[in-house]
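The values are calculated or read from the model by the stated rules, or taken from the named source; none is laboratory data. Please read all numbers here as calculations on a predicted model, not as lab measurements. In this analysis, Cβ positions are derived from the backbone assuming ideal geometry, glycine residues included, and neighbour counts consider all displayed protein chains. The accessibility values were calculated without ligands, DNA or RNA, using every heavy atom of the protein model including side chains. Shrake-Rupley method; radii C 1.70, N 1.55, O 1.52, S 1.80 Å.
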Amino acid sequence: MDYKAAERIQDLQYFGEFGGVNPSISDSSTYTFLTAKTMFDTFEGNTEGCYLYSRHSSPSNLYLGEAMAQLEGTESANVFASGMGAISAVIMQLCDSGDHIVCSRTIYGGTYAFLKNFLKKFNITTSFLDITDLDAVTRAITPKTKMIYCEAISNPLLEVADIASLSKIAKKHDIPLVVDNTFSPLNIGAAQLGADIVVHSLTKFINGSSDCVAGAVCGTKDFCLGLKDVNNGAGMLFGSTLDSLRAASILKNMRTLHIRIKKHSENAHYLAEQFEKDGLKVVYPGLESHPGHELMKKQMNPEYGFGGMLTLDVGSLDQANALMELMQKEKLGYLAVSLGFYKTLFSASGTSTSSEIPEEEQKQLGLSQGLIRFSIGLDNDIHKTYLSMRHCMETLGILSPVSALV
Ligand SMILES: *Cc1c(COP(=O)(O)O)cnc(C)c1O
């Protein structure tokens, strides 16, 4: 597959106004016009390259948007103040009152709550289903369905969606396939596989320094312009605009995304293999035991590996909590939600980022209370990390000690 996203991002050149190697940061909410006629035309959407007001667009946000479009290989991209800002804008842009959505049942808790609870106000309903069951997806589509929505690698169960097949189903019914690719930037080229709209939380791997919240929507030029339309664009009118200073800092971090993703994947793969050998209940798309392993191999860009996320089921919430506290004490990572940081982050999904999903439904999904979601960090010596994690598990009786550890 011809996927040169990292090269495309690195080839983007924007110079500062004094020839700086980074673009100048736009520090204005509003912009002057030389003539009143130009201002009118800009409001009508007829003047390209003119800035109007920074909720509509700003140079720094456009630069980051361009890098996101290069990441996914889409015509265009808009940036948002958060991943949820991006996701909710896309959904509201595509749906009218009374419409219907077909959605994977394992998705980010905030997206789930938005679809299941918030959209009730607008009488928009969602069928949550097993996205790996393509027949079920086809059966769920009605004349009112406005999109198929899923995550490329799902949060927190790490299910792999068959994007090419889902795209075929969506095309057949003339509806867009919307894919949240937050867990697998560079690993999976969602748009290239057939997603019509790709959403990202930039808060996670893409920014990678856990210092801000941001999001993006990648898609056609028409769709992205529509989101910014002054009369009925959900991006423009909901107003979840990213601040220019943050857009500039995220763009700088994106230049090293390819190196970070490779290291996250390498470390996660190493730990997953070791944990599996130890007989632990580990889920990682890079393991042959993962139901989506073959599909992942078909969809992924091999040089970036299988991603930095893995889950470990240690049996009970009490065990999970004890292990996370001990690992934090041993400086192996932080007991925190979110992902994509240089340090390993872990949380018990059922009681944190997926707590919006009722316990009964969690059970049906296979989301058990003892499930710990790990975002594996950029540890320089992952074998040492493994030995320390193992030691923590032995201390708590999750693993029995091995005398001759090699
Ligand atoms: C975090 C996350 C979001 C929401 O992003 P925010 O930047 O926190 O609004 C959406 N989807 C996935 C898969 C996420 O992990």
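At Ala136 and Phe18, where each label point lies 7 Å from the Cα along Cα→Cβ, what is the point-to-point distance in nanometres?
6.0 nm
Put +1 on the Cβ of every Lys and Arg and -1 on every Asp and Glu Cβ in the chain; which of Phe223, Cys150, Ser167 then has its Cα farthest towards the positive end of the dipole?
Checked the options; the winner is Phe223.
By the scheme Lys and Arg +1, Asp and Glu -1, what is the net charge of all other residues having a beta-carbon under 12 Å from that of Cys103?
Summing Lys/Arg as +1 and Asp/Glu as -1 gives 0.
Arranged from highest to lowest average of other beta-carbon atoms within 10 Å per residue, in what order do the peptides 27-35, 299-307 appear?
299-307, 27-35
Length gain on complete extension for the stretch Thr38 to Lys168, per 0.36 nm per residue less the alpha carbon to alpha carbon distance?
Difference between extended and current length: 42.5 nm.
Pull up the DSSP beta bridges for the chain and report the antiparallel fraction as a percent, rounded to 5.
Here the share of antiparallel DSSP bridges comes out near 55 percent.
Over the chain, with a single point scatterer placed on each C-alpha, what log10 of the ratio I(q)/I(0) does the Debye formula yield at q = 0.11 1/Å?
Log10 I(q)/I(0), no solvent term: -0.81.
Could you report region 183-250's accessible area per residue, 1.4 Å probe, as an integer in Å²?
31 Å²
Residues of region 362-406 with backbone nitrogen within less than 20 Å of a virtual label 7 Å along the Cα-to-Cβ line of Glu273, please, listed as ranges.
374-391, 405-406
Ranked highest first by the average count of other Cβ atoms within 10 Å around their residues, in what order do 327-335, 385-393 fall?
Averaged packing, sorted descending, gives the order 385-393, 327-335.
Residues of region 80-104 with the amide nitrogen closer than 20 Å to a label point 7 Å from the Cα of Lys121, along Cα-to-Cβ, please.
81-101
For Ser24, list long-range residues whose amide hydrogen, built 1.01 Å from N in the peptide plane, is under 5 Å from its own amide hydrogen.
Result for Ser24 returns Gly16, Glu17.
Cα-Cα over 24 Å: which of Lys298/Lys343; Lys146/Lys172; Lys146/Lys298; Lys228/Lys298?
Too far apart for the 24 Å limit: Lys298/Lys343; Lys146/Lys298; Lys228/Lys298.
What ranking, highest mean first, results for peptides 353-364, 61-72 when packing means the other Cβ atoms within 10 Å averaged over each residue?
The densest-packed peptide leads the list: 61-72, 353-364.
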